[in-house]
Amino acid sequence: MTDPHRIAIARDADIVVARQAGRELAGEAGLKGSDLTLVATAISEVARNIVVYAGRGEISLSIVEEGARRGISVVARDDGPGIADLESAMRDGYSTGGSLGLGLPGARRLMDEFEIVSKVGTGTTVTMRKWMRR
């Protein structure tokens with residue numbers, strides 16, 4: 001794994017920075033075409049959740065290698081309120097913030113691997129990976 005690129009997330013402009021950095025690093029990892037867009041979109045979704053629900057957090061991006069596979073890892077962390085009902089939050093259409101409720105389930109669909117850990121009062125960590133197609 002390469003040293004992670006860390007992007008502080010606290011406002012809308014930071015979402016754009018994280019999205020662009022993720023797209024660029026995914027390209028360096030060997031991803032191409034629509035996969036670059038999928039990574040950038042997934043980063044946008046989790047970064048927007050940080051801004052809306054936690055106020056501030058961080059996204060770490062790194063190139064990962066696992067055997068013959070190479071890809072990008074995205075870790076979004078915040079110290080926000082956490083998610084009380086994680087099962088509901090992962091369903092399309094569920095939102096406590098008046099959105100369409102597509103952020104987390106959408107990001108899960110866009111990436112090859114997706115894990116979320118959240119504790120009320122402590123915060124949330126989303127870990128996602130997208131692998132280069134051969």
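Quick note: the coordinates plus some simple rules give every number you see, no bench work behind them. Because the structure is predicted, anything quoted here is derived from the model rather than measured. Counting neighbours? That spans all protein chains shown, and the Cβs are built from the backbone with ideal geometry, glycine included.
A few remarks follow.
- Between Ile72, Ile63, Ile116, the GNM of the chain built on Cα springs shorter than 10 angstrom shows Ile116 fluctuating the most.
- For the chain, modelled as a GNM whose springs connect Cα atoms under 10 angstrom apart, the maximal fluctuation among Gly57, Gly93, Gly106 occurs at Gly93.
- Reciprocal of mean inverse Cα separation for the chain (Kirkwood radius, Å): 14.6
- Near Asp12: Cβ cut-off under 13 Å, other residues only, Lys/Arg at +1 and Asp/Glu at -1. The net charge is +3.
- Using the Cβ of Phe114 as centre and a radius below 12 Å, the other residues enclosed give a net charge of 0, where K and R count +1 and D and E count -1.
- Net charge in the neighbourhood of Ala42 (other residues with Cβ under 12 Å of its Cβ; Lys, Arg +1, Asp, Glu -1) is +3.
- Scaled radius of gyration (Cα, divided by 2.2 N^0.38 Å) that the range 1-54 gives: 1.12
- For the range 32-76, the Kirkwood radius over C-alpha pairs fed into Stokes-Einstein at 25 °C and 0.890 mPa s yields D = 210 µm² per second.
- Residue among Leu25, Leu36, Leu86 with the largest mean-square fluctuation in a Gaussian network model of the chain, springs linking Cα atoms under 10 Å: Leu86
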